[in-house]
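Everything on this sheet refers to the single structure shown next.
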Amino acid sequence: MTTNLVIAAVGASILLLVAVVYFTRAAYRRVLGAAVGGLVMVAFGIGIDGLGDAMGWWHYTMGTPAHAPALLYLAIWFWYGVGVQLIGWRVSRRFGWRGLAGFIGFMAIYGPARDYIGIALTQGTVQVISSGLRPLVADVLLWGTMNAVGQGVMWLVAGSPDSDQLVCRATARS
């Protein structure tokens, strides 16, 4: 993956984030909570990436072996850290604790699937995951825990999922 592709990933993440903020109708406080939660989530993920490299579970082929390039973490923060956490907020707002548990469970399955499919499609030009059950379990736990941390910090910063009003969007009238 070249620097240009990483920059394109950051741009795409920003566009997706803008769409999610609009369609979730999140208020400023909720977006701020998602941004802070996402920042903590990504910092946790960076630490676990280092652990994964030290344990021989996975490593990166660009950046340093223990970590992806910094710009890639920025893209991860915009999309998974803020955008996806806002989607999780709306799911938990609508379905309560069952929605939150379902969201975290979904992300614990989706994340490793995305990682393994991405590695297959890029032929390991970004990341390599070792074979075996331990790297898979570590990846499942990483994604589940990262999203639980992101939701928890967002809750601490912005309040419970149903504590704020949705932003009303102006509608055009003829």
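Just so it is clear, none of the values below were taken in a lab; they were calculated from the coordinates. Computed from a predicted model, the values in this text were never measured in an experiment. Cβ placement follows ideal geometry from the backbone for every residue including glycine, while neighbour counts extend to all protein chains displayed.
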Expected vector for the stretch 87-93, Karplus 3J(HN,Hα) from phi with 6.51, -1.76, 1.60 and θ = phi - 60°, integer Hz, x for Gly and Pro, equals 5, x, 4, 5, 5, 6, 5
Share of Cα-Cα pairs in the stretch 19-67 beyond 18 Å, whole percent, is 49
Summing +1 per Lys or Arg and -1 per Asp or Glu among the other residues with Cβ less than 13 Å from Gly45's Cβ gives -4
The extension gain from Tyr22 to Ile46, computed as 0.36 nm times the residue separation minus the Cα-Cα distance, is 5.8 nm
Residues whose built amide H sits under 5 Å from the amide H of Gln127, excluding neighbours closer than 5 in sequence, are Thr61
Per the stretch 3-158, sqrt(5λ) over the Cα gyration tensor eigenvalues, sorted largest first, in Å, gives 26, 18, 13
Taking r as the C-beta separation of Thr61 and Leu15 and R0 as 30 Å, the FRET efficiency to the nearest 0.05 is 0.65
Spelling it out for His67: with amide H atoms placed in the peptide plane at 1.01 Å from N, the residues 5 or more places away or on another chain with amide H under 5 Å from its amide H are Tyr60
Scalar couplings 3J(HN,Hα) for the stretch 137-145 by Karplus 6.51 cos²θ - 1.76 cosθ + 1.60 (θ = phi - 60°), nearest whole Hz, x for Gly and Pro, are 4, 4, 5, 4, 5, 4, 5, x, 5
Here the stretch 103-113 yields Karplus 3J(HN,Hα) values (6.51, -1.76, 1.60; θ = phi - 60°; whole Hz; Gly and Pro given as x) of 4, 5, x, 4, 5, 5, 8, 4, x, x, 4
Per-residue ellipticity at 222 nm attributable to helices in the chain (runs of n ≥ 4 DSSP H, -39500 (n - 2.57) apiece, nearest 500 deg cm²/dmol) works out to -25000 deg cm²/dmol
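Normalising by the residue count of the chain, find the relative contact order in percent from Cα pairs under 8 Å and 6+ residues apart.
Computed value for the chain: 36 percent relative contact order.
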Counting Lys and Arg as +1 and Asp and Glu as -1 over every other residue whose Cβ sits under 15 Å from the Cβ of Ala68, the net charge comes to -3
Length gained if Arg98 through Thr3 is fully extended, taking 0.36 nm per residue and subtracting the Cα-Cα distance, is 30.2 nm
